[in-house]
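Right, one structure below, let's go through it.
Rule-based calculations on the coordinates, nothing more; no lab input. Keep in mind the model is a prediction, meaning the values are calculated, not measured. No Cβ is skipped: glycine too gets one built from the backbone with ideal geometry, and neighbour counts run over all protein chains shown.
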Amino acid sequence: MPDAAPALSSVRDLKALEGANGQVFASLLVVRKLAAKTASNGNPFFGVDLGDRTGSFGCTVFSDNPAFEVLKAAGEGSVVRVEGKVDHFQGRLSPKLSRVTVLSESELGAPGLLDNLVELAPENADALWTELTGFIESIAHAELKATVRAVFEEVGDVFRWCPAAVSMHHAYRHGLLEHTVHMARDARALLPLYTEVNADLAMAGILLHDTGKTIEYEGTLATKRSRRGILQGHVVLGYQLARKAGKKAKLDDDLLERLEHIILSHQGEPEWGAAVYAATPEAVFVSMIDNLDAKMGMVQRALRQAPEGEEFSERLPGLSAQLLTKPPHPAVGA
């Protein structure tokens, strides 16, 4: 009799198998990224990112592997059954794939299948949206509030499900909504400490800073950058949305320029995507809060996805470090 097929493993299951190199596995995963590359000997290969709702991992598939042509034909966003052996590279899960099969349309309709593949924000999306609208209403300046409202009317429901990034932080459905609300919560707590910062302007900047991502990103199961996202980027796209809305709301020219500057500078550094360095109290404030929540978002996700019993996470590129995932001893702070 042939060997029984291995039980399907989630990404979290696979990451818990550190030290089990060579163990056979099978998983249902989404092809999140498929990057064509060329080795030093001239042979083509794919850098592949695969994932489900519990996490993701990268691996390499060379052109002499039968899985290469299957992945090439399937493309990003496809759902595949993968079989292979557990392996690690530089401390990160990087399995060796032996077989890849693309799921058919009928198979995709299996109850609960897509729910197991799509990672969601841990907080309820409807509650987050209600909280966001409350932050909009908290802006006392009439034209600023009208500007923010107009942008959200234009981007529509896309903002509610859009991720905040392809891979770095809040990179899952409703991630942009979660990231924005978290930043607004941070601002509400910190604004009393920094009276130099105009509260309405800072809040408007926070709510609008990443709205360009609703245009920059596209895709249902796998997020990738759109044509406009590649050619212009979310910083410029967000600036355009705010400028159009501000003109419509008859926002004072000085305030509009300051709001635009928050969006153009919120990435902090030009090498991170900022058009300019932050040069107003509000822009510095928003940029720092953005960086704080992006980093803590990485921490929160790593803690959620940490395999049971593991002391450290994989190396997180955004933190340039592994994260200690075990909490302090209960006596600490008692």
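Points to keep in mind about this one:
- In loop segments of the range 76-167 as defined by DSSP, the GluC sites (Glu not before Pro) with at most 16 further C-beta atoms inside 10 Å of their C-beta are Glu123.
- The Rg/Rh ratio of the range 125-300, with Rg taken over Cα atoms and Rh as the Kirkwood radius over Cα pairs, comes to 0.93.
- Relative counts (whole %) of C-alpha pair distances in the range 44-191, using bins that are 10 Å wide: 9, 30, 27, 17, 13, 4, 0
- Ignoring lysines fewer than eight residues from Lys33 along the same chain, the ones with Cα atoms less than 24 angstrom from its Cα are Lys15, Lys72, Lys85, Lys96, Lys213, Lys224, Lys295.
- The mean of 1/r over all pairs of different alpha-carbon atoms in the range 241-334, once inverted, gives a Kirkwood hydrodynamic radius of 16.1 Å.
- Listed values for the range 130-140 are Karplus-derived 3J(HN,Hα) couplings in whole Hz (6.51 cos²θ - 1.76 cosθ + 1.60, θ = phi - 60°), namely 4, 5, 4, 5, x, 5, 4, 5, 6, 6, 7, and x replaces Gly and Pro.
- Furthest towards positive pole of dipole, Ser9, Asn291, Asn116, structure part the chain, Cβ charges: Ser9
- In the elastic network of the chain, a GNM with C-alpha springs shorter than 10 Å, the most mobile of Gln90, Gln23, Gln240 is Gln90.
- With all projection directions averaged, the alpha carbon convex hull of the range 11-116 covers 6.7 nm².
- Taking a ≥ b ≥ c as the square roots of the Cα gyration tensor eigenvalues, the range 116-222 comes out prolate, since a/c reaches at least 1.5 and a/b is larger than b/c.
- Within a straight-line Cα-Cα reach of under 19 Å, Lys250 can be paired with the following lysines, leaving aside sequence neighbours fewer than 8 residues apart in one chain: Lys145.
- Options Phe152, His179, Thr130, ranked by Cα towards positive dipole end of the range 97-226, top entry (Cβ charges): His179
- Highest-fluctuation residue, Thr130, Thr60, Thr101 considered, GNM on the chain with Cα pairs under 10 Å: Thr130
- Dipole check for the chain: with +1 at the C-beta of Lys and Arg, -1 at the C-beta of Asp and Glu, and the Cα centre as origin, the magnitude is about 580 Debye.
- By other beta-carbon atoms within 10 Å, ranking His266, His261, His329, His169 with the fewest at the front produces His329, His261, His169, His266.
- Per-residue [θ]222 nm for the chain (sum of -39500 (n - 2.57) over DSSP H runs n ≥ 4, rounded to 500): -12500 deg cm²/dmol
- Dividing the mean sequence gap of close Cα pairs (under 8 Å, 6+ apart) by how many residues the chain holds gives a relative contact order of 13 percent.
- Cleavage-rule hits, trypsin sites (Lys or Arg not before Pro), the range 186-281, DSSP coil, Cβ neighbours within 10 Å at most 14: Lys250
- Dipole magnitude of the range 11-116 about its Cα centre (Cβ charges: Lys, Arg +1; Asp, Glu -1), debye to nearest 20: 280
- Among Ser78, Ser106, Ser63, the largest mean-square fluctuation in a Gaussian network model of the chain (Cα springs under 10 Å) belongs to Ser106.
- Derived scalar couplings between HN and Hα for the range 28-42 equal 9, 9, 9, 7, 7, 8, 9, 10, 6, 9, 10, 6, 4, 8, x Hz in order, rounded to whole Hz, by the Karplus curve 6.51 cos²θ - 1.76 cosθ + 1.60 (θ = phi - 60°), x for Gly and Pro.
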